[in-house]
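The values are calculated or read from the model by the stated rules, or taken from the named source; none is laboratory data. Everything numeric here is computed off the predicted structure, so don't read it as measured data. Cβ coordinates were reconstructed from backbone atoms using ideal geometry, including for glycine residues, and neighbour counts include every protein chain displayed.
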Amino acid sequence: MTTRISDRFAALKEEGRPGLVTFVTAGDPDGETSLAILRALPGAGADVIELGVPFTDPMADGPAIQAAGLRALKGGQTLAKTLEMVAAFRGEDQTTPVVLMGYFNPIYVFGVERFLIDAKVAGVDGLIVVDLPPEEDDELCIPALNAGLDFIRLATPTTDDKRLPTVLANTAGFVYYVSITGITGAATPDANAVATAVARIKSHTALPVAVGFGVKTPEQAAAIAQGADAVVVGSALVEVVRRTLDEEGKATSNTVIGVEALVSELAEAVRGVRR
Amino acid sequence: MTVLNSYRTGPDHRGHFGIHGGRFVAETLMPLILELEKAYEAAKVDPAYHAEMAGYLTHYVGRPSPLYFAERLTKHLGGAKVYLKREELNHTGSHKVNNVLGQILLARRMGKERVIAETGAGQHGVATATLCARFGLKCVVYMGAVDVERQAPNVFRMKMLGAEVVPVQSGSRTLKDAMNEALRDWVTNVHDTFYCIGTVAGPHPYPAMVRDFQSIIGRETREQMQEMEGRLPDSLIACVGGGSNAMGLFHPFLDDPEVKIYGVEAAGRGIDTHEHAASIAGGRPGVLHGNRTYLLMDDDGQIIEAHSISAGLDYPGIGPEHSWLNDVGRVTYLNCTDQEALDAFQLLTRLEGIIPALESAHAIAKVIELAPRLPADHLMVVNLSGRGDKDVPQVAEILGTRLGA
């Protein structure tokens, strides 16, 4: 069965280029602006959209994404509103994959069964839930796969060859390789080390591998994309949102444009990488 | 209530106590947690590890801690015979050192040279800084910026002991944020760093491991009570934030059905004010900091800031084994307001010449409530988990007495 995610990666392969995965936080700084950003992403060159689900205690995220989540929560964002946002986006875009990324508690409290139904209906394609390792697969991973949603797992530099099969076992859509030991938006990954790690993962799976954490500039994105199927940029984009807010923390006319501009630059750099 | 054959067999191999517990951590940490579990399982059956720990517990910590008959408090309350388990007499001034010693000896076995910890009141931070000084390990303590301010004496102690104290500015700037930041550090420094968690919470194996280290409190209490009264106590009572002092006292008695057990959560300004830290009374099951347990949160699953006069209880969660003991009905969880704790703090100080930590004062407050209704032959043990020196400036400010005036 093909999905929006598998179709997109197949198309990228056909084009002979890596993909750009963009992360923005849902509801940052408010619902309306956030939806406008979401709608602008595909046109600016995003191949896959990761939509961050705000959580008060994002233990794997650096200051930029933590702050984005708190801005969104302050603006009244909820998981239900995030799903509505995806549905609104789907009304106009039937092809760009949308992956929700966040932590388990908001989903657990929403109710796993109800969440999976609503997410599927809204047009969500996959889930990345940072605090659900394979050891907790019964919680959401297995039900999500049964509901037809890809459960995208993180593989990290600490995931050795012995553990990799466990991590890959129920992974679907693509594998997200965390390029550093650390939090989002922190250290800059080493492109050569990343390429080696991606090759190692690929020897265990036929799934595409996207690489993220710490990729900030078009140059870095291009370098990382050399050795991967896609590159993920997040903190740098939510930093654009932060920088374009007015003194009261409200969006300005530069907010959507600013994000769009950086995505265009990133896309241009990534699309310049040919195989 | 279902009566189980044993309440002491948990957790299962996946770290679950009923629906609670588990290992809800990022993949980066998962291999480390598995490594820790393996190292702890090996240490647990190694007589050399236990011998080393016993030596330090005796000569460095000063165990066993006394079980003290609080004669004047008992007379004042006019009911149950009240005993204090004097954990405040341990080196560093609280029960926290029991756990830290176990973990630091384990860190040494694992060859880790850098230790990180989170702290609320600073008692766990001080204990960790102390043991790191003793064994020459690098120590970094994460502490919410709000707590850094209200627990200044402990911050200075940690620094004198050579620890780096990092004030955490994110989120609500209290214990939960300190724990987030410690987890972020661990994710970043996976190779050389040991995360010394201060309570019976976090991903498996921490809740079980910390409980095991703290269980010496209950084991000693059994022996001491047998010696003094020739039988087991009738009731146990302890304050619960994360719940390590309580679990340490309770666990060896869980399979003695005649022993009634009470945990005391911090009710802050009152459960109905929403300004409290009582996760069982005012929360529901959720997932945070590596485990499922009762949490304070809103309808969207966002964690709500806790409030307590006591920084050590100011946490929106509780150890998963407590959540389970509540669910199966083996332990009764009560709660105590800031004001009740303050009153108890003063009463114990005046009657027994013992200044309790504000955390422990929550348990004392419930002794004051329960003991008068019980007969004179009822033996009640309360865990005096820490001493109140650290709280004197804060209490003086609240009571309007300027120190030295």
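Points worth noting:
- Residue within the stretch A:54-70 that is away from every other protein chain (no Cβ under 14 Å), among the small types (Gly, Ala, Ser) and within 22 Å of A:Val215 (Cβ to Cβ) present: no
- Counted residues, the stretch A:154-168 - those being within 13 Å of chain B (Cβ to nearest Cβ) and touching a residue at least 24 places away in the same chain (Cβ under 8 Å): 9
- Those helices (runs of 4 or more DSSP H) lying entirely in the stretch B:313-386 with at least 1 residues in contact with a helix residue (DSSP H, G or I) (Cβ under 7 Å, 6 or more places away or on another chain) and of a type in the set (Phe, Trp, Tyr): B:338-352
- For the stretch B:42-78, taking the residues that are charged (D, E, K, R) and touching a residue at least 60 places away in the same chain (Cβ under 8 Å), the one that is surrounded by the most Cβ atoms within 10 Å (Cβ to Cβ) is identified as B:Arg63.
- Pair list, Cβ < 8 Å and 6+ apart or interchain, from the stretch B:325-348 residues that are in contact (Cβ under 8 Å) with a residue 40 or more places away in the chain to residues that are among the small types (Gly, Ala, Ser) and surrounded by fewer than 19 Cβ atoms within 10 Å (Cβ to Cβ): B:Asp327/B:Gly18; B:Val328/B:Gly18; B:Tyr333/B:Ala281; B:Asn335/B:Ala281; B:Thr337/B:Gly270
- Among (1) surrounded by fewer than 21 Cβ atoms within 10 Å (Cβ to Cβ); (2) more than 21 Å from B:His362 (Cβ to Cβ); (3) not small (Gly, Ala, Ser) - the single one B:His289 does not satisfy: (1)
- Residues (basic (Lys, Arg) and assigned to a loop (DSSP other than H, G, I, E, B)) located in the stretch A:177-216: A:Lys216
- B:Ala201 assigned by TED's automatic domain parsing to the domain that holds B:Gly120, crowded, with 24+ Cβ neighbours inside 10 Å and touching a residue at least 40 places away in the same chain (Cβ under 8 Å): yes
- For the stretch A:131-144, the condition of being within 10 Å of chain B (Cβ to nearest Cβ), closer than 27 Å to A:Asp7 by Cβ and modelled with pLDDT of 95 or more holds for at least one residue.
- Filter result for A:Pro165 (modelled with pLDDT of 95 or more, under 22 Å from A:Gly52 (Cα atoms) and surrounded by fewer than 23 Cβ atoms within 10 Å (Cβ to Cβ)): no
- Test set (1) in contact with a strand residue (DSSP E or B) (Cβ under 9 Å, 6 or more places away or on another chain); (2) more than 27 Å from B:Glu181 (Cβ to Cβ); (3) in a helix (DSSP H, G or I) - A:Thr171 fails condition number: (3)
- From the options B:Asp147, B:Asp177, residue that is among the charged types (D, E, K, R), in a helix (DSSP H, G or I), away from every other protein chain (no Cβ under 12 Å) and crowded, with 21+ Cβ neighbours inside 10 Å: B:Asp147
- Note on the stretch B:364-379: residues that are touching a Phe, Trp or Tyr at 6+ places or on another chain (Cβ under 8 Å) and among the hydrophobic types (A, V, I, L, M, F, W, C) amount to 3.
- Qualifying residue in the stretch A:19-40 (condition: within 12 Å of chain B (Cβ to nearest Cβ), part of a helix (DSSP H, G or I), crowded, with 22+ Cβ neighbours inside 10 Å and of a type in the set (S, T, N, Q)): no
Matching residues to (1) under 17 Å from the mean Cα position of the chain (by Cα); (2) assigned to a helix (DSSP H, G or I):
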| residue | (1), (2) |
| --- | --- |
| A:Pro42 | yes, yes |
| A:Asp61 | yes, no |
| A:Ala88 | no, yes |
| A:Thr95 | yes, no |
| A:Val109 | no, yes |
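- Meets criteria (touching a residue at least 40 places away in the same chain (Cβ under 8 Å), more than 10 Å from chain B (Cβ to nearest Cβ), of a type outside the set (Asp, Glu) and over 24 Å from B:Met297 (Cα atoms)) for A:Ala88: yes
- The residues on offer are B:Arg108, B:Arg72, B:Arg134, B:Arg63, and the sole one that is outside any helix (DSSP H, G or I) and touching a helix residue (DSSP H, G or I) at 6+ places or on another chain (Cβ under 9 Å) is B:Arg63.
- Residue that is surrounded by the fewest Cβ atoms within 10 Å (Cβ to Cβ) [pool: residues in the stretch A:171-195 that are within 16 Å of A:Leu127 (Cβ to Cβ) and more than 13 Å from chain B (Cβ to nearest Cβ)]: A:Ala172
- B:Asn98 meets all of the listed conditions (1) surrounded by fewer than 24 Cβ atoms within 10 Å (Cβ to Cβ); (2) assigned to a helix (DSSP H, G or I) but one, namely (1).
- Residue satisfying condition, being closer than 19 Å to B:Asp298 by Cβ and touching a helix residue (DSSP H, G or I) at 6+ places or on another chain (Cβ under 8 Å), within set A:Asp131, A:Asp93: A:Asp131
- Against the list (1) over 20 Å from B:Leu295 (Cβ atoms); (2) touching a helix residue (DSSP H, G or I) at 6+ places or on another chain (Cβ under 6 Å), the condition A:Pro106 fails is (1).
- Any hit, the stretch A:69-80, residues being at pLDDT 95 or above, in a helix (DSSP H, G or I) and within 25 Å of A:Ala147 (Cβ to Cβ): yes
- The single condition among (1) away from chain A (no Cβ under 14 Å); (2) in contact with a Gly (Cβ under 6 Å, 6 or more places away or on another chain); (3) touching a residue at least 40 places away in the same chain (Cβ under 8 Å) that B:Ser215 does not meet is (3).
- Residues satisfying the stated conditions in the stretch A:201-243, i.e. charged (D, E, K, R) and buried (at least 21 other Cβ atoms within 10 Å of the Cβ): A:Asp229
Table: residues versus (1) over 27 Å from B:Arg114 (Cβ atoms); (2) touching a strand residue (DSSP E or B) at 6+ places or on another chain (Cβ under 6 Å); (3) within 14 Å of another protein chain (Cβ to nearest Cβ); (4) not in a helix (DSSP H, G or I).
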| position | (1), (2), (3), (4) |
| --- | --- |
| B:Val187 | no, no, yes, no |
| B:His191 | no, no, yes, yes |
| B:Glu223 | yes, no, no, no |
| B:Met228 | yes, no, no, no |
| B:Pro233 | yes, yes, no, yes |
| B:Ala238 | yes, yes, no, yes |
| B:Leu249 | yes, yes, no, no |
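- In this structure, A:Val99 does not satisfy being modelled with pLDDT of 95 or more and facing another protein chain (nearest Cβ under 8 Å).
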